[in-house]
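Working notes, structure below.
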């Protein structure tokens, strides 16, 4: 006898594709839901990045360096746009791979996000260190 989760899980069997545009068989609905949750998490991340970028460019006090707020905020906004667009393509690629029984493709999003956020944080740190005579 399996665990409670296994007993309560729906008995899903592969069926015909949902539309003519899709190939392969219908994946287990739990995997499709997990893929969708991952997509929605990336969308929330994108919204947070865009919001943070807008807040930095509009609400932070000006740095002694001209355009300092934009150096920090605009890359965050751009990263938010990239994350939103790439996450849609990743969601589609993952759905296709599951339908065809192939391994899931690797996503470039974690690396892109880590690099951009690290660079923005470094720029912010440098701007704060070399702020000038003001404390």
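What follows draws every value from the coordinates through simple rules; no lab data is involved. Just so you know, these numbers come straight off a predicted model, no measurement behind them. Please note: Cβ atoms are built from the backbone with ideal geometry, for glycine as well, and neighbour counts cover all protein chains shown.
Quick one: length gained pulling residue 131 to residue 37 fully straight, 0.36 nm per residue minus the C-alpha distance?
Going from the current span to full extension adds 29.7 nm.
Set the Förster distance to 25 Å, then compute FRET efficiency between residue 106 and residue 29 from the Cβ-Cβ distance, nearest 0.05.
So the FRET efficiency works out to roughly 0.55.
Using the count of nearby Cβ atoms within 10 Å as a rough guide to exposure, how do 23, 36 rank from fewest to most?
Taking fewest neighbouring Cβ atoms as first place, the list is 23, 36.
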